[in-house]
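The values are calculated or read from the model by the stated rules, or taken from the named source; none is laboratory data. Since this is a predicted model, take the numbers as computed values, not measurements. Heads up, the Cβs are rebuilt from the backbone with ideal geometry, glycines too, and the neighbour counts pull from every protein chain shown.
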Amino acid sequence: MERDASPIGVFDSGVGGLTVFREIARALPHHSLIYLGDSARVPYGTKSAETVTRYTLQAASHLLDRGIGMLVVACNTATAAALPALRERLPIPVIGVVEPGARAAVARTRGRVGVIATEGTVRSKAYTKAIRLLDPTIEVIESAAPLFVSLAEEGWANTHVAREVAEIYLEPLLDAGIDTLVLGCTHYPILRGTIEQVVGEGVSIVDSAETTAACVLAAVGTRSTGAAKHTFLVTDAEERFRRIAGDFLSREIEHLELVSL
Ligand code: DGL
């Protein structure tokens, strides 16, 4: 199969990467996609970089066996921990979510960027490194916002509870004078409305799902035509995935398989 026609693999620790999947499907409506959510081992955000790297390499190897021509690591934690190892070992292009988000932040900021992400991503300082590689004068303040993941999965993104949690998480970043905020976790775009209300118009939001899809589109071009097949693979709890993904993507989830890595 030609590389252009090969499906793109989209990997995440669970359901959160559907935010990235949705943007890629919008950007490349004729391209087949295989989504793999490691629902048996989610969350990645609280695990060590070594464990996350091992899990991610296993997932990538499974997707390679299915003939993908490009891998998108939709999970910020997996990108932060495993991108160099993936790029070293995989014979296909690998796109992570950190670089596109960092580039968008650098393009927009007036000098002070806030990043919210999982504990693992914050610990790795992947966003700080990526942003400062592009512009060492930019100040980056990273902060973990783990409760946003549960709020998004619970369907509580637009509740007063989410708003209060957002105020608590974002206050220190606002006090530090950030002008740009990177949503550095798959789930956070689901809370974007609430986050925008709390940070106000003075802070520009970088959604790493959108910026990653733009990067994938640029890498692939728009050559595919015809019908796209969307296949979903999970490592556990496929009925939960079917429900959440169906609600999130507003359609029936066909082609869903339980796999072991
Ligand atoms: N997908 C993860 C990320 O973007 C969030 C969920 C998890 O901790 O596994 O960092």
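Give just the number: which of (1) assigned to a helix (DSSP H, G or I); (2) closer than 25 Å to F241 by Cα; (3) polar (S, T, N, Q) does T128 not satisfy?
Condition not satisfied by T128: (2).
Please give the helices (runs of 4 or more DSSP H) falling wholly within the range 189-258 in which 1 or more residues are under 17 Å from I34 (Cα atoms) and within 21 Å of the chain's Cα centre (by Cα).
Answer list for the range 189-258: 208-220, 238-249.
Could you check the range 24-38 and list, in sequence order, the residues that are at pLDDT below 95 and within 14 Å of the ligand (Cβ to nearest atom)?
none
Just to be sure before I move on: is P100 more than 10 Å from the ligand (Cβ to nearest atom), in a loop (DSSP other than H, G, I, E, B) and not hydrophobic (A, V, I, L, M, F, W, C) in the structure I sent?
No.
Those residues that are buried (at least 24 other Cβ atoms within 10 Å of the Cβ) and either more than 16 Å from the ligand (Cβ to nearest atom) or assigned to a loop (DSSP other than H, G, I, E, B) (or both), I need them from the range 64-78; list them, please.
Once the filter is applied, which keeps residues that are buried (at least 24 other Cβ atoms within 10 Å of the Cβ) and either more than 16 Å from the ligand (Cβ to nearest atom) or assigned to a loop (DSSP other than H, G, I, E, B) (or both), the range 64-78 yields I68, A74, C75.
Of all residues in the range 41-60, which are of a type in the set (K, R) and not in a loop (DSSP other than H, G, I, E, B)?
Matches in the range 41-60: R54 only.
Given the criterion touching a Pro at 6+ places or on another chain (Cβ under 7 Å), crowded, with 20+ Cβ neighbours inside 10 Å and touching a residue at least 60 places away in the same chain (Cβ under 8 Å), identify the matching residue among T180, T211.
None of the others qualify; the one that does is T211.
How many residues does the range 39-52 hold that are under 13 Å from A82 (Cβ atoms) and either within 12 Å of the ligand (Cβ to nearest atom) or within 16 Å of the chain's Cα centre (by Cα) (or both)?
Looking only at that region, the number is 4.
Can you pull out the residues in the range 16-40 that are in a loop (DSSP other than H, G, I, E, B), in contact with a Lys or Arg (Cβ under 8 Å, 6 or more places away or on another chain) and within 20 Å of A237 (Cβ to Cβ)?
Hit for the range 16-40 is S39, nothing else.
Which residues, taken from the range 46-70, are at pLDDT below 95 and in contact with a strand residue (DSSP E or B) (Cβ under 8 Å, 6 or more places away or on another chain)?
The answer is none; no residue qualifies.
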